[in-house]
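Data block below; observations after.
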């Protein structure tokens, strides 16, 4: 007799679906814009629990989509599917009509930038090196890493930060707020198609939060689809 497999279904998965649907910030003229990114009927299972069960969300260019949900609702799982950290067990993740993002580097190179609440930077590498790794190290014709281009690119990406940041310092010296702003700055300079922000103001000051909102406006005007996850409904 085959053994039964027992799973605990996530009680919040349907709540997450509704939260995304009702929290979409959309201007009237944007209603006809085509979706550039979709979670299509995604299903994700971990040992003993079904984290996402048939969740479908479409992101349109130039829109801000807010997600508010309980802890354990599946928000982090949803983010990591978009970032290529996880692969769906069912359904698909679609960018510009192409199915599947296989890993974080592929996601970034295709315009999906995710700013996690916990920094994804390498502490012992410099700011410039971390930013270069996100999109792949530039090389010269003979295969040697082009360090000059890395430095120039990082300075360009950092130019709009509210405080000056030295691209040669190691990431271990950065505060949580600086790490988050660094990744947002990269998204703006690289003309990201999709920006996902996970509790982005949790470590920011009022001045830094205002800077973040200005960057969101800039990206929105550029046609970027933005997912904003927060426990602060006033944001």
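The values are calculated or read from the model by the stated rules, or taken from the named source; none is laboratory data. These figures come from a predicted structure and were not determined experimentally. As a convention, Cβ positions derive from the backbone with ideal geometry for all residues, glycine included, and neighbour counts pool all protein chains shown.
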Inset, instruction - Among the numbered conditions (1) in a loop (DSSP other than H, G, I, E, B); (2) under 21 Å from residue 80 (Cα atoms); (3) at pLDDT below 80, tell me where residue 160 comes up short. - result: (2)
Inset, instruction - Taking residue 151 as the residue in question, decide whether it is modelled with pLDDT under 75 and either surrounded by 13 or more Cβ atoms within 10 Å (Cβ to Cβ) or more than 16 Å from the chain's Cα centre (by Cα) (or both). - result: no
Legend entry - When residues of region 166-187 are limited to those that are surrounded by fewer than 20 Cβ atoms within 10 Å (Cβ to Cβ), touching a helix residue (DSSP H, G or I) at 6+ places or on another chain (Cβ under 8 Å) and free of Cβ contacts under 8 Å to residues at least 40 places away in the same chain, the one nearest to residue 120 (Cα to Cα): 177
Legend entry - Failed item in (1) surrounded by 14 or more Cβ atoms within 10 Å (Cβ to Cβ); (2) modelled with pLDDT under 80; (3) closer than 23 Å to residue 226 by Cβ, with residue 133 passing the rest: (3)
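In region 108-119, how many are over 18 Å from residue 61 (Cα atoms), in a loop (DSSP other than H, G, I, E, B) and touching a residue at least 12 places away in the same chain (Cβ under 8 Å)? Walk me through it before giving the result.
Initial filter on region 108-119 (over 18 Å from residue 61 (Cα atoms)): 115-119.
Within this subset, residues satisfying the condition of being in a loop (DSSP other than H, G, I, E, B) are 116-119.
Keeping just the survivors that are touching a residue at least 12 places away in the same chain (Cβ under 8 Å) gives 116-117, 119.
Total satisfying the criteria: 3.
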Inset, instruction - Answer with yes or no whether residue 117 is at pLDDT below 90 and either surrounded by fewer than 18 Cβ atoms within 10 Å (Cβ to Cβ) or over 30 Å from residue 152 (Cα atoms) (or both). - result: yes
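This table checks each residue for (1) within 20 Å of residue 221 (Cα to Cα); (2) modelled with pLDDT under 90.
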position	(1), (2)
12	no, yes
29	yes, yes
33	yes, yes
39	no, no
88	no, no
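For every residue, the table says whether it meets (1) closer than 15 Å to residue 52 by Cα; (2) surrounded by fewer than 20 Cβ atoms within 10 Å (Cβ to Cβ); (3) free of Cβ contacts under 8 Å to residues at least 12 places away in the same chain.
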| site | (1), (2), (3) |
| --- | --- |
| 72 | yes, yes, no |
| 76 | yes, yes, no |
| 83 | no, no, no |
| 89 | yes, yes, no |
| 95 | no, no, no |
| 103 | no, yes, no |
| 106 | no, yes, no |
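Scan 85, 93 and give me the residue that is part of a strand (DSSP E or B) and either touching a helix residue (DSSP H, G or I) at 6+ places or on another chain (Cβ under 6 Å) or closer than 17 Å to residue 116 by Cβ (or both). Outline the logic, then answer.
Details: 85 fails: part of a strand (DSSP E or B).
Only one candidate passes the filter, namely 93.
Taking region 210-226, which residues are buried (at least 17 other Cβ atoms within 10 Å of the Cβ) and either assigned to a helix (DSSP H, G or I) or touching a helix residue (DSSP H, G or I) at 6+ places or on another chain (Cβ under 8 Å) (or both)? So that I can check it myself, show each step before the final result.
Looking only at region 210-226, we keep the residues that are buried (at least 17 other Cβ atoms within 10 Å of the Cβ), and these are 211-212, 215-216, 219-220, 224-226.
Once the filter is applied, which keeps residues that are buried (at least 17 other Cβ atoms within 10 Å of the Cβ) and either assigned to a helix (DSSP H, G or I) or touching a helix residue (DSSP H, G or I) at 6+ places or on another chain (Cβ under 8 Å) (or both), region 210-226 yields 211, 212, 215, 216, 219, 220, 224, 226.
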